[in-house]
Every structure is written in structure tokens, then in C-alpha cells.
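The values are calculated or read from the model by the stated rules, or taken from the named source; none is laboratory data. Fair warning: this is a prediction, and the values are worked out from it, not measured in the lab. Quick reminder, even Gly has a Cβ in these numbers, built from the backbone with ideal geometry, and neighbours come from all protein chains shown. Note: areas computed on protein heavy atoms with side chains; ligands, DNA, RNA excluded. Shrake-Rupley method; radii C 1.70, N 1.55, O 1.52, S 1.80 Å.
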Amino acid sequence: MSKENNVYLGELLVDQKVITDEQLRLALVEQRKGDDFIGEAVVNLGFAEEHKVFSLLSEKINIPYVKLKESTIDESVIKSVPAKFAYHYKIMPIARKDNILTVTMSDPLEVATRDDLELLLGVVIDPVLARKQDILEAITRYYGVGAETLEGMKGKVTPGVKDASLSSTEEIKDLALDASVVRLVNQILIEAFQKRATDIHVEPYEDEVRIRYRIDGILCPIQVPEELKHFHHAIISRIKIMSSLNIAEKRLPQDGRIKVKISGEELNLRVSILPTPFGESVNIRLLNTNIRFGLKSLGLLEKDFNILEEMIKKPHGIILVTGPTGSGKTTTLYACLDTINDAEKKIVTIEDPIEYQLKGVTQVQIHPQIDLSFARGLRSMLRHDPDIMMVGEIRDYETAEIAVRVALTGHLVFSTLHTNDASGAVTRLLDMGVEPFLVSSSVICIVAQRLVRLICPHCKTKIPLDKSAIEELSIKWDVKSETEIFEGKGCSHCRFTGYLGRTAIYEVLVLDEEIRELILQRVSTEEIKQVALKSGIRTLRQDGWEKVIKGLTTVSEILRVTQEESD
């Protein structure tokens, strides 16, 4: 769009009191940087709501405005425009009638683009207005990640050959270094980062290659072109080259790391490769190196926050964090260490793997291949005069016993266990073979946790209080009639799930004299839990219910991540 048209349309927005003169000036400066439609700049800068801006401009230029996020497009219409044209011109076909193709454009007054498309496609273009961001998201959603790149790579696979893996290792390496494959892998990584994914799964099957992202703890299948299956081994080889792994080895599991920068953010990618009957399966864990840890950011309610803050300042003892894989245990440990980390304390950790680098903390990676285990590393750490030690996980009797004895000799020790609740950690240590008197003398605090999804703030809405849902939580709480609870209806911001982001629910158990006495008697987990409940411990479900009535999450989400609890 010409500069004059943008100025004219911008002045219309000022006349209608949608934006001010100063905001128009700033929007025009922003618009010229990317040569976008003036409406894009106004909305991106947060000066006005999308619907108000685009509806008004649509009326003034007499071109319909379409919300792509709310539209469903027929597959036959998608096939009218090759992916490479859609990506290049940033347009999205939405309807076709005879020789007239309706396409969304972020700048429908751009005559040159319309002329090019009519010449290339042999149709009459009927343009409608849509946001550029919505168009790009729709292209990815309907054509698949990297569709235009794969279209350009079709000639690099021999017709009739199912997979490029039938070529020699050298040919695969050449293809993995090809600019198109490099671009395709980069697109997968960028897409995952933009969607806030924590993991990328590339999974080969007999007739397809599936890509899934884990977003807010839930696996989400990603639309990919069917042609991706022909380049599976080239993609895997590219990932291996990036993580300095052996591209010729396809029979054994391999693990590696990649450092990348996406949108100015530095990421550590943890790569794990497994051989399967249909090729190698890859998991990539995305770790943001710029993440800030702090106890206040964990989601602890005030009572539990105060307890944990007091416990981590103790001079010695063991603090255990329990929960299943992916429940945020490592993040909690890092937050604890970051809180007490100062120049007067020597902190040493032994981990598998080291997920984040903590400034001022000595971190050690275990290597079972060379017999550097948690137990052996823990012994060596003692020779470095530490004040505080962290063991990534207590997996066996040897590690547990050493950790206990280290705590009894005047050190503060942090570690994790895989148990369902806080009281179960005691039984787990006893089952490993640690003597009851050692457990009762060393462990000072146990924190159980789970991650729950947060209600999307953009589509959050009040819902009627369902007493049956409260009963299903199995907690004895007086629920007042005016108690408000919420849920997310689903919108484009949360991919229509109703959830955006995560927080944790906690169960914090401090071992008092009564519980220590029970440990010496080797009582069951349930007996310890009942005593803890009488002393005022808040269970995972009770903590979850607190977050429900605070409007942070939903009852169904608490039920999803917690096991059934007794009253």
C-alpha cells in the first residue's frame, strides 16, 4: 500500500477517535519498517482493538474483513494455491466459485500482488482483508510446518523411493546439509518456540512421520505435509549434525545438545534419539537459558511459601521434592538454590542432566559410562568443602544413604524422589533400605508437587458452582454460595483449549516430633498422612482448590493431575 493510502486510512482512525494524532505518528513509523497495512501497526502497538480497527478500515475501503481464526477452509480451496505462493505472498485462499478465488490479504489494496497471483494461478482474485499474523498462522495450520520448503525439495527424492534413507550415508549427509533441509529443521524449531512448546517429538511410523509439540504439559499433533516422510532421515541427520552425534549410527540410542538463538532468546536443546522399526524417533527438550528462578514465581500460597523459605535457610538436613516426571521438581530445586545462593556459601550440584546453568553454583553432570554416578559424585563433592549440595535424584540405597549421612554431618541437601505425595517419600526411603532413625534424623521437609494449566485470561469466564465437582475432589471444605469459579471458553490465544501457561500445586510436609516418632515405628504412609492432616498440612487437592477459587485453574484440571485422596 502506498504511503498516501496509509496516511489517509490512519487519519480516518483519528477522525473516528480510534487513535490519537500521536499514536498515528508512531504507527506510521512502525508501518514503514515492515511495509505493512496501517491497521497491523495500530493493533500491534496496542493502540486499539483488532475488531474496531479492521472493521472500520474494511468499511472505508469497501473490502470485507475476515477473522481467519474463526474460519474453516475446504481442502479443495487450499489446493488451489501452492504452498510456496501462499508463503511468498502471505495470502490465504478461503473460497472458490468457478474462476473466482477469494484470498485473504493483509494489504488488499496492493495491486501488484493481485496481478501476480492472477497471472500465476490463472484465476480472478477477489481480495478480502485479514490480519497478517492470522494469515501466517492459517498457512501453517492448513499447509503444515515447512510446506513451502518441502515443495521445493520434491525433486531431491527419486520417484518411487519411499525414503531418502535408502541412499548412502554420504548422500544423506549432503542432503542434511542442504539449505532446504536446514531451513525445514529451523522452521520446526521456531514454530515450537513460538507456540511455547517444551518438547518436540518427531515420530516415524509405517506410512507417515508425525510431529507433536508438548504445550502446557499436553501433547499437541502438528499439521505437517505428507511429503515429510520422504525426508525423515535427512531431518534426523540434520539434528544429529547440529548436536554433534554420529549420523552413521542408527541402531543405538544417542543423546546430545544444541545451542540456538531464536527471536533473541538463547535456548539449550536437549536431544534424545531412539531407534524404532520405522526409523529413528527424536525428542528435543527446549530449555530457555534466560529463565529467571525465584520462589515467588513458583505459585506457592503464602503459608507454604513461608514454610519453604524458612526450611531452605536451615544449616543442615534434607529437603526432598517429589512428584512424577515433568511435574516441575527441578525448577523448584533451582528456585530454592537461587534464593539462598550468595558469595558466602559454596553450592555444588550433581545432575542428570544439567538443565540450566546457575551462576555461582558448581554443577556436575553424571556419566554412568565412566562410572560417575550420583553416589560417586556425592562422595567427591564432599571434598570441595560445600555448604549446600543438590543431588538430581535419589534412585538407590547407596545414594540415599550417602545423602542422609552428608545431611547429618552439617550440610543442607536438596534432592528429588518419585512418589505420589509428600508422606510417601518417607516410605520410599525406608523401602530403599535406609534405617528409620537415619530418615527421622536427617529429613526436615518434603514437598510434593504437580503442574496444572492456568485458565486463559483472554477467554476466562465465570461458570456456575458445581457441587458435584467439589464432592469429586473429596475434600471437606465449606463452599459458600457466593464462591466464584471460572473456566476458559477457548480462543485463538490459547488454541481453543481454554488454558494458557502453567503453575504448580503443592503439599508441604515439615517433619515434626510426632511424625519422626512414627517413622521410627515404621508406620504406613497413610498413618503419616493422617497425622500430617491433623497438624494442618494442605494436600495437593486442597491447594488446587485454593487456586480454583482464586480463578487460576479449574476443578477438572486438578482432578486430571492428582490421584484420589481420602478426606
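If you take every residue apart from A130 with its C-beta less than 12 Å away from the C-beta of A130, what net charge results, scoring Lys and Arg +1 and Asp and Glu -1?
On the way: positive: K67, K69, K90, R131, K132; negative: E40, E50, E70, D107, D134, E137.
So the environment of A130 carries a net charge of -1.
The local environment of G490, defined by Cβ-Cβ distances under 13 Å, has a net charge of +3 under the rule Lys, Arg +1 and Asp, Glu -1.
Figure the gain on full extension for E484 and D115 (residue separation times 0.36 nm, minus the Cα-Cα span) and round it to one decimal in nm. Gain on stretching E484 to D115: 127.3 nm.
Evaluating 6.51 cos²θ - 1.76 cosθ + 1.60 at θ = phi - 60° for every residue in region 543-557, the Karplus couplings come out as 5, x, 5, 4, 6, 5, 6, 7, x, 8, 8, 10, 4, 4, 6 Hz, glycine and proline recorded as x. Spin-label model, Q194 to I549: label points 7 Å out along the Cα-to-beta-carbon direction sit 4.2 nm apart. Taking the chain, the Cys residues with no second Cys beta-carbon under 4.7 angstrom are C220, C336, C445. Computed from the C-beta positions of R210 and L408, the FRET efficiency with R₀ = 45 Å rounds to 0.35.
A crude spin-label estimate for the pair S492 and K17, with each label 7 Å from Cα along the Cβ direction, gives 2.7 nm.
Can you figure out the FRET efficiency of D396 with E249, using R₀ = 30 Å and their beta-carbon distance, to the nearest 0.05? With R0 = 30 Å, the Cβ-Cβ based efficiency is 0.50. Annotation: amide H of M390 within the under-5 Å range of V348, T349, I350, F414, sequence separation 5 or more or interchain, hydrogens built in the peptide plane.
Our summary gives the chain a relative contact order of 9 percent, counting only alpha carbon pairs under 8 angstrom and 6 or more residues apart. About its Cα centre, the dipole of the chain is roughly 540 debye, where the only charges are +1 on Lys and Arg Cβ and -1 on Asp and Glu Cβ. Counting protein heavy atoms only, region 426-539 has 48 percent of its accessible area on carbon and sulfur, 1.4 angstrom probe.
Measuring r between the beta carbons of K296 and D342 and using R0 = 25 Å, the FRET efficiency lands at 0.90. For the chain, dividing the convex hull volume of the Cα atoms by the residue count gives 196 Å³ per residue. For the pair L465 and H384, the difference between a 0.36 nm per residue extended length and the Cα-Cα distance amounts to 23.5 nm.
Leaving out ligands, DNA and RNA, and with a 1.4 Å probe, what % of the accessible surface on region 269-348 is carbon or sulfur?
C and S atoms contribute 51 percent here.
Global dimensions of region 87-147 from alpha-carbon coordinates: Rg and Dmax equal 11.1, 30 Å. For K67, the solvent-accessible surface computed with a 1.4 Å probe is close to 70 Å², ligands and nucleic acids excluded. Building the convex hull from the alpha-carbon atoms of region 337-439 and averaging its projection over directions returns 7.1 nm².
Projecting the Cα positions of G551, T330, V426 onto the charge dipole of the chain (unit charges on Cβ atoms of Lys, Arg, Asp and Glu, taken about the Cα centre) puts T330 furthest along the positive direction.
Determine the per residue accessible area of region 1-109 with all protein chains present and a 1.4 angstrom probe, expressed in square angstrom.
Spelled out: the 1.4 Å probe surface of region 1-109, per residue, equals 54 Å².
Candidate cross-link partners of K462 among the lysines, defined by an alpha-carbon separation under 16 Å and a same-chain spacing of 8 or more, comprise K480, K489, K547, K550. Between E513 and L274, residue separation times 0.36 nm minus the direct Cα-Cα distance comes to 81.2 nm. Counting only aspartates and glutamates at least 8 places from K17 when in the same chain, those with an alpha carbon closer than 13 Å to its own are E49.
Nearest 5 is fine: what % of DSSP beta bridges in region 326-479 come out antiparallel, could you say? Taking every DSSP beta bridge with both residues in region 326-479, the antiparallel ones total about 10 percent. When the alpha carbon coordinates of region 1-117 are projected onto the principal axes, the ranges are 45, 25, 21 Å, largest first.
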